[in-house]
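The values are calculated or read from the model by the stated rules, or taken from the named source; none is laboratory data. As the structure is a computational prediction, the values presented were derived from the model and not from experiment. Every residue, glycine among them, receives a Cβ derived from its backbone with ideal geometry; neighbour counts consider all protein chains shown. For accessibility, only protein heavy atoms count, side chains too; no ligands or nucleic acids. Shrake-Rupley method; radii C 1.70, N 1.55, O 1.52, S 1.80 Å.
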Amino acid sequence: MEDELEDRVLHQTYISFMKVLSRFTSSIAFDTPAGYLWKMVRLYLLRSEVLVFTLGIIIFFMYLQTIGLWSRTLLSRLSQALSPINAVQRMKLMEGSETDKQSWELKGESSAAYAIKGRRMHMEDKFIISENINSTGVSLFAIFDGHGGEFAANYAKDHLIQNLYNKVVELNAFKDGKLVTTPLKESPDEIKSEENHVIEKKSSFRKSASTADDTSKKEITDPQLLAQLSKTRPIITREVRPVKPVKNVAIPLSSYLDKGKINYGKLLTDEVLAADRLLVEAAKRSMNVAGTTALIAVLEDNNLIVANVGDSRGVMCDSRGNAIPLSFDHKPQQVREQKRIEAAGGYIAFNGVWRVAGILATSRAMGDYPLKDKNFVIADPDILTFNLEDHRPMFLVLASDGLWDTFSNEEAIKFIKERLDEPDYGAKSLTLQAYYRGSVDNITVLIINFLNSKFSTSSIMKNDFE
């Protein structure tokens, strides 16, 4: 009885409230602008179906934000789809936009690279083209895709590549019985003077490069990554204990020779791990949590050696037009990688994509010392060796994951095959097409053309930064 009485009281209260509200709204003169506006709101906006639909839209966009698909990207794709201009015009407009991207391009004798910042706030991709190092007949190509800042990618570009350059020269002299002398590293001014005839760069890049080159004097950190590190499980910390300086053990040059030939697989592995140890030490001093992938290709005679750390990728187009993988991405959800991470006491979690400790989307990288200290992330490269006489390739594609987010191996090979006659062998077209398809990352594409080319015709070392 008491419950029934309470229900009646509540019902009568509700009825009385609605009557008062109705009298109030009906007393408004609808011939005034305010009265007319209230009438429209009450008739059209305060309907239950409108409120439910609006709430659904808000929840949908909140979901997109949590998984990293920003609303501006979605709206950009919709505007592109509805735009009356064609794809070529859209790419030309995008190319001329200084607010949304900056671009870098480099042309070698038999290779070319093109990179754009794309929809990211900062450019963290770096690339290297070094054809016929010091007239040894050895060519070196590399792509570094940084994350959490430019520090790690810049360090790998400056130190790892120079060490490899020196070792290649020393080993070729050593195996020929000549006096081994370590080549001096060119200064930025010297490189600039040698490369003015082959390098074309956008003026917008020069402004940003001046503040990014001297990473030793400035801490480059990612606030979102630091926040994630502080929120995640207690096993991850960016605090650093005092450590002794890392001293790399000198390895005899003879250990890299096998029957008179250079073992580039061992050389690449040793140099990547040595550079990573020094990178981690330098990062700890500045509390810099940045990291980078590394994709390095070495060409000597008919041999191709590819070292991969992370999720940048290389693909070969053989004589039949087939796509031959040169590397395989290191992802946390792979069985091998997941077992290794869990054996080290770590875990993987889904945050838009599968990530190590819910943070890093690649399971191997250089740098990333908070995860490296726990052995959740390692820098051990996978080495693949190819005899080019078996495949007779037309070209190679090396690219950061900004390309592979929108292109499969086969699609990229087919796209470049139709554009090898372009001055940059299709590198620029492929990069811009990945941007047009909606890639939200930095995009770098490096093409190595084997058709009517010789890799012993250039002895100038080139890279993407002066």
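Summary of computed values
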{"item": "Computed E for SER319/ASN134 - FRET, C-beta separation, R0 30 angstrom, nearest 0.05", "result": "0.45"}
{"item": "Solvent-accessible area per residue, Å², over segment 314-369 with all protein chains present [probe radius 1.4 Å]", "result": "41 Å²"}
{"item": "List THR362, THR13, ordered by accessible area with a 1.4 Å probe, largest first", "result": "THR13, THR362"}
{"item": "Karplus-derived HN-Hα couplings along segment 300-307 (A = 6.51, B = -1.76, C = 1.60, θ = phi - 60°), whole Hz, x at Gly and Pro", "result": "9, 6, 9, 10, 10, 10, 10, 10"}
{"item": "Full-stretch length increase - TYR436, ASP301 - with 0.36 nm per residue and alpha-carbon distance subtracted", "result": "44.9 nm"}
{"item": "Centre separation in Å (Cα based) which lies between segment 124-169 and segment 428-442", "result": "23 Å"}
{"item": "Order by protection proxy (mean Cβ within 10 Å, highest first), peptides 252-260, 155-163", "result": "155-163, 252-260"}
{"item": "For peptides 318-327, 264-273, 105-114, sequence by mean Cβ density within 10 Å, most packed first", "result": "105-114, 264-273, 318-327"}
{"item": "By average C-beta atoms within 10 angstrom, highest first, the peptides 289-301, 335-347", "result": "289-301, 335-347"}
{"item": "ASP390/SER255 FRET efficiency (R0 22 Å; Cβ-Cβ; nearest 0.05)", "result": "0.20"}
{"item": "List MET287, MET62, MET394, MET123, ordered by accessible area with a 1.4 Å probe, largest first", "result": "MET62, MET287, MET394, MET123"}
{"item": "When each of LYS261/LYS417; LYS107/LYS417; LYS107/LYS372; LYS261/LYS284; LYS167/LYS428; LYS266/LYS331 is checked by Cα-Cα distance, pairs over 26 Å", "result": "LYS261/LYS417; LYS107/LYS372; LYS261/LYS284; LYS167/LYS428"}
